[in-house]
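To start, the structure under review is shown below, and the notes come after it.
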Amino acid sequence: MEHFLPFGSREYFVLLTILLFSRGMDVLSTWIATPSLLLEGNPVMRKLGWRTGIAVNLAFSVAVAMWPLPCIILTTVGLLVAARNFQSAWLMRSMGEVNYLTWIRARVSAAPRVYTFCIFGQSILTAMVGSALMIFSPVTSIAFAIGAGICGFALANVVYSLLSMWRIRRA
């Protein structure tokens with residue numbers, strides 16, 4: 001699976017479908033959580049906005065679906081990000097974006113070390129699962145790509161959580 005797939009092949013469309021589903025779930029979960037993108041952790045997506053962000057995601061998906069392993073890695077990351085978003089989206093939506101931001105700022109400011117410890121703990125434990133898949137799977141396998149996606153999610157979790165904490169402390 002280290003090769004490129006021909007554009008328009010059956011395998012290409014299967015990978016494109018799962019990647020578009022993954023990206024779509026990430027976008028849907030983000031929209032439910034933060035329709036104005038006020039709470040979006042990814043500064044690039046926040047800057048692009050909904051229309052441009054969706055268009056970039058579509059174009060990116062069409063291109064990446066030709067390359068199986070990165071496609072599976074990105075699908076895994078996208079599904080895990082969407083699942084994490086859905087976990088808190090109901091709270092963000094029910095409180096309202098501004099009220100949620102005010103509340104979360106207060107919580108993080110009250111216990112920044114514990115917050116940081118918990119983010120690293122969550123990410124390290126998640127990365128351990130992905131690492132085990134990667135260590136015990138051939139590099140060109142689907143299992144390896146899923147493991148890399150899990151590790152990618154763990155890294156994204158640390159980066160965007162710390163970036164949010166930095167924005168909170170700056171405010």
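FYI, it's all coordinate maths here, none of it is from the lab. Since the model is a prediction, treat every value here as computed from it, not as a measurement. For neighbour counting, all protein chains shown are included, and Cβ atoms are generated from backbone atoms with ideal geometry for every residue, glycine included.
Any chance you could tell me what percent of the C-alpha pair distances in segment 1-71 go past 16 Å? Walk me through the intermediate numbers first.
Numbers: 1247 of 2485 pairs.
Considering segment 1-71, 50 percent of its Cα-Cα pairs are separated by more than 16 Å.
Given Cα pairs under 8 Å that are at least 6 residues apart, what percent is the relative contact order of the chain?
Numbers: 192 pairs, mean separation 49.0, N = 171.
Once normalised by length, the contact order is 29 percent.
Expressed as a rounded percentage, what relative contact order does segment 111-150 have, with Cα pairs under 8 Å and six or more residues apart? Mind showing how you got there, number by number?
Numbers: 26 pairs, mean separation 14.0, N = 40.
In percent, rounded to a whole number, it is 35.
Mind pulling the angle between the C-alpha long axis of helix 43-64 and the longest principal axis of the chain? Nearest 10 degrees, somewhere in 0 to 90.
Approximately 10 degrees, to the nearest 10.
With r defined as the distance between the Cβ atoms of Arg167 and Phe136 and R0 fixed at 35 Å, what FRET efficiency is calculated, to the nearest 0.05? The partial results should precede the final answer.
On the way: r = 38 Å, r/R0 = 1.09.
Rounded to the nearest 0.05, the efficiency is 0.35.
Over all pairs of distinct alpha carbons, what does the Kirkwood formula give as the hydrodynamic radius of segment 10-170, in Å? Walk me through the intermediate numbers first.
On the way: mean 1/r = 0.0600 Å⁻¹.
After inverting the mean inverse Cα-Cα distance, the result is 16.7 Å.
If r is the Cβ-Cβ distance from Gln122 to Leu38 and R0 is 25 Å, what FRET efficiency results, to the nearest 0.05? Intermediate results must be reported in sequence, preceding the final value.
Values: r = 23 Å, r/R0 = 0.93.
Plugging the Cβ-Cβ distance into 1/(1 + (r/R0)^6) gives 0.60.
Taking 0.36 nm per residue of separation and subtracting the Cα-Cα distance, what length does fully extending Val129 through Ser94 add?
Values: separation 35, 0.36 × 35 = 12.60 nm, distance 3.28 nm.
Result: 9.3 nm gained on full extension.
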